Amino acid sequence: NSPLSGKHLMITAGPTREAIDPVRYLSNHSSGKMGYALAQAALALGAKVTLVSGPVTLSAPRGCQLIKVSSAQQMQDAVMQHVQACDVFIGCAAVADFRVAEQAEQKLKKQQDEDEMILRLVKNPDILASVAALENPPFTLGFAAETQNVADYAKGKLARKRLNMIAANDVSDHKIGFNSEHNALTLFWNGGELALPVNDKLTLAHQLLGVVAQQLEK
Ligand code: C5P
C-alpha cells in the first residue's frame, strides 16, 4: 500500500506572468522543476495529482491532471475551482507578488520626449493563504525562498499563513534552488523540523512527501 494512495494532491508550480500590455509581462526566474518533481513523486507514491502550472518548458509527468495558467489571478481561479476535492495542497509556484494595475489593451508606445515611465502595481491574492483559510482546508504546505534568516522567516510564514508545513530553502546559495537540478530544504511544522540536505529535486520531493504522508496519518 503506497503512502499516498487514495489521496488527491494539488500542486502549483512555475512562475506567473503579469501582463503589461499585449506583448509584455512581468515575471520571475522560476523553472517549475521543484513543483514538477513533486507531481512526479506524488504519482509514484500512489496519489492522484492536479498540477496547476504557470508557463514553463517542462512536460507534465504522465498521469497527472495538468491545468495551465498564466497570471496569478488565473492560478487562483483554477486552484479555488478544484481544491475542495483535495487532501493536500502544495504551493510551489513563484507567484508574482504584484500585477500591473491597468493592463493596456494596445501595445504601449515610447514617448519621444519622456525618458522614464511609471507602472502602477497592485498586490496579487495570496493563493496559499486563501487555501489555508478555507473552512475545511486540505493539508497545506508552502515554500519559503529566502536569502537570510531562513528559519525565522519560514516559521513566520508558517504561522501567518496558517499552514500545516513549510519547506524553506536558501536561494542566496546559487548552487541550489531556482533553475538548478538540486535543492536543499528545511521543513518546519508545528512541533517539529527536519533538514533535507542537498539532493536532486526528485529525491527531495520523495523525502518531503514521505514527511507529509506521516503528518497526514496523525
Ligand atoms: O510570502 P511568500 O511569497 O514568500 O510565500 C511563498 C509561498 O506562498 C509559496 O508556497 C508560494 O507558492 C505561496 N504564494 C502564493 N500566492 C502568492 C504568493 C505566494 O500561493 N501570491
*Take the residues in segment 149-176 that are in a loop (DSSP other than H, G, I, E, B) and within 13 Å of the ligand (Cβ to nearest atom), then tell me which one is surrounded by the most Cβ atoms within 10 Å (Cβ to Cβ).*
163
*How many residues does segment 10-41 hold that are buried (at least 20 other Cβ atoms within 10 Å of the Cβ), more than 15 Å from the chain's Cα centre (by Cα) and among the small types (Gly, Ala, Ser)?*
1
*Mind listing just one residue for me: the one in segment 123-145 that is part of a strand (DSSP E or B) and within 12 Å of the ligand (Cβ to nearest atom) and, of those, farthest from residue 9 (Cα to Cα)?*
123
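Rundown of residues vs (1) at pLDDT below 95; (2) within 29 Å of residue 57 (Cβ to Cβ); (3) not hydrophobic (A, V, I, L, M, F, W, C), yes/no style:
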{"position": "144", "(1), (2), (3)": "no, yes, no"}
{"position": "153", "(1), (2), (3)": "no, no, yes"}
{"position": "159", "(1), (2), (3)": "no, no, no"}
{"position": "162", "(1), (2), (3)": "no, no, yes"}
{"position": "169", "(1), (2), (3)": "yes, yes, yes"}
{"position": "186", "(1), (2), (3)": "no, yes, yes"}
{"position": "194", "(1), (2), (3)": "no, no, no"}
{"position": "203", "(1), (2), (3)": "no, yes, yes"}
{"position": "213", "(1), (2), (3)": "no, no, no"}
*When only residues in segment 79-113 that are outside any loop (DSSP other than H, G, I, E, B) and away from the ligand (no atom under 14 Å from the Cβ) count, which is surrounded by the most Cβ atoms within 10 Å (Cβ to Cβ)?*
100
*When residues of segment 181-201 are filtered for being surrounded by 17 or more Cβ atoms within 10 Å (Cβ to Cβ) and in contact (Cβ under 8 Å) with a residue 40 or more places away in the chain, how many remain?*
2
*Is there a residue in segment 96-109 that is under 30 Å from residue 195 (Cβ atoms) and not polar (S, T, N, Q)?*
yes
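The values are calculated or read from the model by the stated rules, or taken from the named source; none is laboratory data. The structure displayed is predicted, hence computed values, not measured ones. Ideal geometry is used to build each Cβ from the backbone, glycine not excepted, and the neighbour counts take in all protein chains shown.
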